[in-house]
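K.L.:
Starting off with a structure, shown below.
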Amino acid sequence: MECIFCQIMAGQIPCDRVYADDQVLAFLDIAPITRGHTLVVPKRHWTDLASAPVETAAAMMAAVKKIAPAVLETTGATAFNVGINNGAAAGQIVMHVHFHLIPRRADDGLRSWPHQKYGPGEGAALARQIAATVG
C-alpha cells in the first residue's frame, strides 16, 4: 500500500485526528498553511474528485461543514478556505482525493489567486461550450 492516506486509514501511520465517521477521516495537515489546517479525506481510496462518487464528495463536504466551526472557534480564525488540488497539474501531491480546510485571519499574509479577464465575447463562448459538454 503506497498511498500515505490509505496507510493512515489502516493505522500504519499516525495522524492528529480531528474527526471521523463511517466515510471520512479528518486530521491536521503535517505541513499546515495556517494553524489548524485540516485535511478531510474519504476512507475509501479515490484518486481524485472526478473519480469519486457523488456520495463521497457529499460526505466530504458534510464533514467540512461540521468541522469548520470547531476549527474557527479553536484557532480564533474568522474565516476559512476550502480547497482541492485535483490532479498533478493542479498541485495534488497525495493521489487520494482530499479537501483542505484552511483557517484564515485578515492579517495572515495569504493572498488570493491572480485573476485574468476574458476578451469581448470570449467568456460567453466558453460558457456555451462548457454547458454543451456538461449535457
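The values are calculated or read from the model by the stated rules, or taken from the named source; none is laboratory data. Nothing here was measured: the structure is a model prediction, and the numbers come from that model. A quick note on method: Cβ atoms are made from the backbone with ideal geometry, for glycine too, and the neighbour counts reach across all protein chains shown. Heads up: the accessible areas ignore ligands, DNA and RNA and are worked out on the full protein's heavy atoms, side chains in. Shrake-Rupley method; radii C 1.70, N 1.55, O 1.52, S 1.80 Å.
K.L.:
Can you name the number of the only condition in (1) in contact with a Phe, Trp or Tyr (Cβ under 9 Å, 6 or more places away or on another chain); (2) surrounded by 14 or more Cβ atoms within 10 Å (Cβ to Cβ) that Arg17 fails?
P.N.:
Of (1) in contact with a Phe, Trp or Tyr (Cβ under 9 Å, 6 or more places away or on another chain); (2) surrounded by 14 or more Cβ atoms within 10 Å (Cβ to Cβ), only one is false for Arg17: (2).
K.L.:
Something else about it: From the list Thr56, Thr34, Thr38, which one is at pLDDT 95 or above and either open to solvent by 40 Å² or more (accessible area, probe 1.4 Å) or more than 24 Å from Glu2 (Cα to Cα) (or both)?
P.N.:
Just a single option satisfies the conditions, and that option is Thr34.
K.L.:
Out of the residues in region 1-58 that are assigned to a loop (DSSP other than H, G, I, E, B), closer than 21 Å to Ala70 by Cβ and β-branched (Val, Ile, Thr), state the one that is nearest to the chain's Cα centre (by Cα).
P.N.:
Across region 1-58, the extreme among qualifying residues is Ile33.
K.L.:
Next up: Looking at Pro114, Pro53, Pro42, Pro120, can you tell me which residue is of a type outside the set (S, T, N, Q) and either in contact with a helix residue (DSSP H, G or I) (Cβ under 6 Å, 6 or more places away or on another chain) or touching a residue at least 24 places away in the same chain (Cβ under 8 Å) (or both)?
P.N.:
Numbers: Pro114 fails: either in contact with a helix residue (DSSP H, G or I) (Cβ under 6 Å, 6 or more places away or on another chain) or touching a residue at least 24 places away in the same chain (Cβ under 8 Å) (or both); Pro53 fails: either in contact with a helix residue (DSSP H, G or I) (Cβ under 6 Å, 6 or more places away or on another chain) or touching a residue at least 24 places away in the same chain (Cβ under 8 Å) (or both); Pro120 fails: either in contact with a helix residue (DSSP H, G or I) (Cβ under 6 Å, 6 or more places away or on another chain) or touching a residue at least 24 places away in the same chain (Cβ under 8 Å) (or both).
The match here is Pro42.
K.L.:
Going by the conditions given, is Ala89 of a type in the set (Gly, Ala, Ser), exposed (fewer than 10 other Cβ atoms within 10 Å of the Cβ) and either touching a helix residue (DSSP H, G or I) at 6+ places or on another chain (Cβ under 6 Å) or not in a strand (DSSP E or B) (or both)? Break it down into steps so the answer makes sense when it comes.
P.N.:
Numbers: of a type in the set (Gly, Ala, Ser): yes; exposed (fewer than 10 other Cβ atoms within 10 Å of the Cβ): yes; either touching a helix residue (DSSP H, G or I) at 6+ places or on another chain (Cβ under 6 Å) or not in a strand (DSSP E or B) (or both): yes.
It is true that Ala89 is of a type in the set (Gly, Ala, Ser), exposed (fewer than 10 other Cβ atoms within 10 Å of the Cβ) and either touching a helix residue (DSSP H, G or I) at 6+ places or on another chain (Cβ under 6 Å) or not in a strand (DSSP E or B) (or both).
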